[in-house]
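Right, one structure below, let's go through it.
The values are calculated or read from the model by the stated rules, or taken from the named source; none is laboratory data. Here the structure is a predicted model, which is why all the values come from computation and not from measurement. Here the Cβ positions follow ideal geometry from the backbone for every residue, glycine too, while neighbour counts run over all protein chains shown.
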Amino acid sequence: IGLGQGLGFHSSHKLPAEKKKKLTDVKIGELPRWILMRDLTPKGIAGAFPRGYYRYYNKYVNVKKGSVSGVSMAAYVLFNYCRSYKELKRERRCKFH
């Protein structure tokens with residue numbers, strides 16, 4: 001079994017068609033109903049992190065014609081965060097009125 005397979009993260013065949021829609025496919029009039037269908041409980045929000053990880057992993061890292069692009073993208077994001085951490089830390093302490 002590959003990473004993310006058989007773990008229940010991708011069992012979208014049990015969901016109604018409305019809930020399967022991506023945010024980019026939702027029309028403005030359907031947006032409130034789509035948001036209400038999301039699982040906004042702490043358990044649902046915590047479950048979004050592994051889904052995001054596996055989605056990223058399967059899209060950029062676990063591909064047939066593999067390259068270092070997925071890993072290098074993650075390294076680039078981490079590098080830029082570390083580089084700007086001092087500025088982010090200073091802004092976090094500022095009080096905005």
>> Suppose we keep only residues that are of a type in the set (Val, Ile, Thr) and surrounded by 11 or more Cβ atoms within 10 Å (Cβ to Cβ) within the stretch 31-55. Which one would you say is nearest to the chain's Cα centre (by Cα)?
In response: Ile45
>> For the stretch 27-78, give me each residue that is out of contact with any Lys or Arg (no Cβ under 9 Å at 6 or more places or on another chain) and assigned to a loop (DSSP other than H, G, I, E, B).
In response: Lys27, Asp39, Leu40, Thr41, Asn62, Val63, Lys64, Lys65, Gly66, Ser67, Val68
>> I'd like the full set of residues that are modelled with pLDDT of 85 or more and of a type in the set (D, E, K, R), limited to the stretch 36-55.
In response: Lys43, Arg51, Arg55
> So Ile1 fits all but one of (1) closer than 25 Å to Val71 by Cβ; (2) β-branched (Val, Ile, Thr); (3) modelled with pLDDT of 60 or more; what number is the exception?
Replying inline: (3)
>> Taking the conditions exactly as written (of a type in the set (Phe, Trp, Tyr) and modelled with pLDDT under 85), does Tyr60 satisfy them or not?
In response: yes
